[in-house]
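The values are calculated or read from the model by the stated rules, or taken from the named source; none is laboratory data. Note that the structure is a prediction, hence the values are computed from the model and not measured. Note that we place each Cβ from the backbone using ideal geometry, even for glycine, and neighbour counts take in every protein chain shown. Accessible surface areas use protein heavy atoms only, side chains included; no ligands, DNA or RNA. Shrake-Rupley method; radii C 1.70, N 1.55, O 1.52, S 1.80 Å.
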Amino acid sequence: MRSKRRKSKELFYVELRIAGGISLFSNKPFQKKTLDGLQWCCDKRGLRIYEYSLLPDKILMIANTAWGSLPDVIESYKDFSSKAVMLMLRNGKSNLHTSWMLSIFQEFGPQNKAEGIHIWE
């Protein structure tokens, strides 16, 4: 008689910090865009989020994936959200609450990319 093995997926604690400790998520449009990106990853990339907390400068979650690799899914999320936030900063109305963020994110950006897209530590 063959024994049945249950497939088990480990749960992982994921902490995504905004570069420079910027309180990005206290701004509703940025909050919505980044949460929409997480929803997309759940729908299209197999991300499973069991609990999450959105703090002003970070996202904390307990997660795994239905298929694929969690680091790959998180990396694609970070790429998407970095590009989306940078587009919002560059194309949106510049104001005192957000105009300074662009220079901070460019400072933390990768040196080999001219666009300086990098919002995550």
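So the values come out like this:
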item	result
Close pairs from segment 33-51: first touching a residue at least 40 places away in the same chain (Cβ under 8 Å), partner open to solvent by less than 40 Å² (accessible area, probe 1.4 Å) and among the aromatic types (Phe, Trp, Tyr), Cβ under 9 Å, at least 6 apart	34/25; 34/77; 37/77; 40/77
Segment 34-73 - residue that is touching a Cys at 6+ places or on another chain (Cβ under 8 Å) and among the β-branched types (Val, Ile, Thr) and, of those, farthest from residue 120 (Cα to Cα)	49
Enumeration of residues in segment 85-110 that are at pLDDT below 80, in a helix (DSSP H, G or I) and closer than 16 Å to residue 57 by Cα	108
Of the criteria (1) within 18 Å of residue 118 (Cα to Cα); (2) touching a strand residue (DSSP E or B) at 6+ places or on another chain (Cβ under 6 Å), which one residue 72 fails	(2)
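Residue by residue, here is whether (1) assigned to a helix (DSSP H, G or I); (2) crowded, with 17+ Cβ neighbours inside 10 Å; (3) within 14 Å of the chain's Cα centre (by Cα) holds:
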position: 10; (1), (2), (3): no, no, no
position: 17; (1), (2), (3): no, no, yes
position: 37; (1), (2), (3): yes, yes, yes
position: 43; (1), (2), (3): yes, no, no
position: 61; (1), (2), (3): no, yes, yes
position: 71; (1), (2), (3): yes, no, yes
position: 75; (1), (2), (3): yes, no, yes
position: 83; (1), (2), (3): yes, no, yes
